[in-house]
Amino acid sequence: MSIDHPQTAAEGDAESTGTDLISGFIEGDQLKKRITKSSREKSPTSVFGKSANRGKLYHWGVSTSIGGHIDPYWEKLASLACDGLPKKIETKAFDWGSLSDGILNQLASNSPTSALVATESVVWAAALPALVHFMPQNSWWRLLSGLQQANEAALQRNHAYASGHLILGGELGLTLACCLSKLPHCKQLQQPSIKAVRQWCENDVESVADSIQPIRDSRMVLASLIRNKGWIASLEPKKAQKKLNATGQWLATWVAATARPDGTTAFSTAPRKAIKSDLGPHGLLEQAKQFDCDTLAPAIDAALGKKPTGGRLAWEVSLPAAVHHEADNKLIAMQCEWDVSHGKVVLDYSGEDIVLEVSAGKKLVLAGQWQTQIEIDEEEQLPAGSWTEVCEFTDDDVHYLEIEQPWSDGVTLQRQILQFREDRALLLADAVLMPKDRQEPPVRIQYSSRLPMTRHFSAVEEPETREMHLADKRSRVLALPLAANEWKIGPSDATLRCSDDHHLVSSCTGVERLYCPLWLDFTPRRFRRKRTWRSLTVADQLRIVPTNEAVAYRIQQGSEQWVVYRSLDGAACRTFLGKHILADFFCSRFHPGEGDQEELITVDDHPESYE
């Protein structure tokens, strides 16, 4: 006697159809026997081995997405999916009928299905062979029917690059096809689901971009791709998965690049204890190496602070690029090196306020919204649009990103993030610009920005100078407000302080235009040296240029010196410290012995000529 499944909701009432099917075709005990036999032939445990122990592979990425610990019912459901039948006492705490109705209602809603809901539906599908033993028969069939409908809808409605196409259209169908292979309508989902996974991988650029926005969902999508790879390999062991591996490598590299040294993910509130299933020898990050062990193994190990193996040079040669930028999603991860001891900057500029994380070695120093306040003649201004990229550049010396945002009253806020790779320093700078064709009298600008410090760090001011130290028990960062006078004695147009709510506040005043740069040094060996910074005189045809046209600064720590120049009124041929330059922005190392400057980056008005 053949086994069939209930009609879909479009064909009739799922509950009544399920009842008819059970009474007319499959008796309860017969159904249990056949489902059990089906699950023994192919199950998460038989395919994924130790990664499936206690359902851990269905925990991957979930805590990161929700920002905390996984719900106990999810843990039990994942355990049912992988470990088989539990003791009866362990199942009584949950009303599986009501819980299954909850996931079906979310899948049936008109709103787009999130990666979290899609993943939860996969766990329900994997647990169906165990649930058939103690879940009401009508509820079980209704759940199966609803999951099948979700799979079919995903194949028809989702873009091929959407995470829902991968998880609902691919993994959900494959899970049903493998775990319930004795049900013909489930078995028939196999090939369409494999096709959905391959479509997702073929759209690799759009697929990876969709997976990392928001970045907290990236691990959940990566987990689905790993599980899909395992299911497909078990069904088609002789077929190569070249495109799947290439797309998986790309996504896994993003996951590694946005991982914090403790293993958690940037911008996620999930603590390390909540993501234990992602770590360890059978965890998500370890299993992700399978996409390309030569590059991903050193990258993931480096991201987690593990020491290099096989020689440091060989280790570094195998590593991917140190900067990853998804311009459409407005997300960038910049590292001096993959070695976490050298720090990292992760920036999300997709919202009105930028969200950033800055690490000093293995410690997170700044994390949260980078807030800005601008007043023109004491009248507060507001953002009037989104951030857009002005230019980006990377080489062996620096990573550089410049973005801008329109504000009310014609104000433009330009923001620079410049990471010095070898020198292990960071420049965070804002320029506030008024329209060049403005006919009104010059206006006075009052600017301030707030950078959130993590709770482990405290700000310590120097008694005589305006520099500041951000320190915890073992780490320290030196902060220099370059636009401020170094000594506290006397007036200054710029200040740096720590607010009561634990923010690093940079303030600056100017007329018509201003530039407010903050220099952060992460190299402890330089902290014991004598240091200073100075505003340099900028000249243009024997005329001293005012600070609303162009500024230049010199930073000195012992024998190491750097120069930063910024034009605020367009590129013009100007002079400072013996340097003649026609550019909007310039940064160099200054060698006082030879009196020359080693160029690190030059930016002018022409995008094709960024150097």
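The values are calculated or read from the model by the stated rules, or taken from the named source; none is laboratory data. Everything numeric in this text was worked out from a predicted model, so none of it was measured. Note that each Cβ is placed from the backbone with ideal geometry, even for glycine, and that neighbours are counted across all protein chains shown.
Could we say that L285 is crowded, with 20+ Cβ neighbours inside 10 Å, at pLDDT 95 or above and not in a loop (DSSP other than H, G, I, E, B) here? Against the criterion (crowded, with 20+ Cβ neighbours inside 10 Å, at pLDDT 95 or above and not in a loop (DSSP other than H, G, I, E, B)), L285 qualifies.
Under 8 Å between Cβ atoms, at least 6 apart or on separate chains: pull out the pairs that start in the range 115-139 with a residue that is without any contact (Cβ under 8 Å) to a residue 40 or more places away in the chain and end on any residue that is aromatic (F, W, Y) and buried (at least 21 other Cβ atoms within 10 Å of the Cβ). Close Cβ pairs satisfying both conditions: M135/W96.
The numbered conditions (1) within 25 Å of S277 (Cβ to Cβ); (2) part of a loop (DSSP other than H, G, I, E, B) are all true for L116 except (2). Based on this model, can you work out whether P491 counts as at pLDDT 95 or above and assigned by TED's automatic domain parsing to the domain that holds Y400? Judged against the criteria, P491 is not a match. Checking every residue in the range 178-185 against the condition of being in a helix (DSSP H, G or I), in contact with a His (Cβ under 7 Å, 6 or more places away or on another chain), at pLDDT below 95 and assigned by TED's automatic domain parsing to the domain that holds P44 gives at least one match. Would you pick out the residues in the range 428-447 that are under 30 Å from Q556 (Cα atoms) and either more than 23 Å from the chain's Cα centre (by Cα) or surrounded by fewer than 21 Cβ atoms within 10 Å (Cβ to Cβ) (or both)? Once the filter is applied, which keeps residues that are under 30 Å from Q556 (Cα atoms) and either more than 23 Å from the chain's Cα centre (by Cα) or surrounded by fewer than 21 Cβ atoms within 10 Å (Cβ to Cβ) (or both), the range 428-447 yields D430, A431, V432, L433, I445, Q446, Y447.
With respect to I403, is the statement that it is surrounded by 20 or more Cβ atoms within 10 Å (Cβ to Cβ) and closer than 18 Å to V505 by Cα true? In short, no.
Considering the range 385-488, the qualifying strands (runs of 3 or more DSSP E), each wholly inside and each with 3 or more residues that are within 17 Å of P517 (Cβ to Cβ), run over 398-406, 412-420, 425-433, 444-452, 476-481.
In the range 129-149, is there at least one residue being at pLDDT 95 or above, of a type in the set (S, T, N, Q), in the same structural domain as S111 (by TED's automatic domain parsing) and over 17 Å from S109 (Cα atoms)? No, the range 129-149 contains no residue that is at pLDDT 95 or above, of a type in the set (S, T, N, Q), in the same structural domain as S111 (by TED's automatic domain parsing) and over 17 Å from S109 (Cα atoms). Residue under question is S207, and the condition is that it be of a type in the set (G, A, S) and under 25 Å from C82 (Cα atoms); does it hold? For S207, the condition - of a type in the set (G, A, S) and under 25 Å from C82 (Cα atoms) - is not met. Residue-level check: of (1) under 20 Å from the mean Cα position of the chain (by Cα); (2) part of a loop (DSSP other than H, G, I, E, B), V205 misses just (2). Applying the set (1) of a type in the set (K, R); (2) farther than 30 Å from H325 by Cβ; (3) crowded, with 23+ Cβ neighbours inside 10 Å to R157 leaves exactly one unmet item: (3). Of everything listed in (1) assigned to a strand (DSSP E or B); (2) at pLDDT below 95, the single unmet condition for P320 is (1).
Please tell me if A223 is touching a residue at least 60 places away in the same chain (Cβ under 8 Å), hydrophobic (A, V, I, L, M, F, W, C) and either over 17 Å from L172 (Cβ atoms) or in a helix (DSSP H, G or I) (or both). Answer is yes for this residue.
Residue-wise test of (1) among the hydroxyl-bearing types (S, T, Y); (2) outside any loop (DSSP other than H, G, I, E, B).
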{"position": "A333", "(1), (2)": "no, yes"}
{"position": "W338", "(1), (2)": "no, no"}
{"position": "G351", "(1), (2)": "no, no"}
{"position": "V365", "(1), (2)": "no, yes"}
{"position": "T372", "(1), (2)": "yes, yes"}
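Does C516 qualify as being touching a Gly at 6+ places or on another chain (Cβ under 9 Å), in contact (Cβ under 8 Å) with a residue 24 or more places away in the chain and among the hydrophobic types (A, V, I, L, M, F, W, C)? So C516 passes the test. The residues on offer are R415, R421, R450, and the sole one that is at pLDDT below 95, in contact with a strand residue (DSSP E or B) (Cβ under 9 Å, 6 or more places away or on another chain), of a type outside the set (A, V, I, L, M) and surrounded by 14 or more Cβ atoms within 10 Å (Cβ to Cβ) is R421. Screening the candidates D101, D13, D4 for the property of being among the acidic types (D, E), modelled with pLDDT of 60 or more and surrounded by fewer than 21 Cβ atoms within 10 Å (Cβ to Cβ) yields one hit, D101. Select from the range 176-222 the residues that are small (G, A, S) and surrounded by 24 or more Cβ atoms within 10 Å (Cβ to Cβ) and write down the one among them that is nearest to I66 (Cα to Cα). Among those that are small (G, A, S) and surrounded by 24 or more Cβ atoms within 10 Å (Cβ to Cβ), it is S218. When the test is whether a residue is buried (at least 19 other Cβ atoms within 10 Å of the Cβ), touching a residue at least 24 places away in the same chain (Cβ under 8 Å) and hydroxyl-bearing (S, T, Y), S234 does not pass it.
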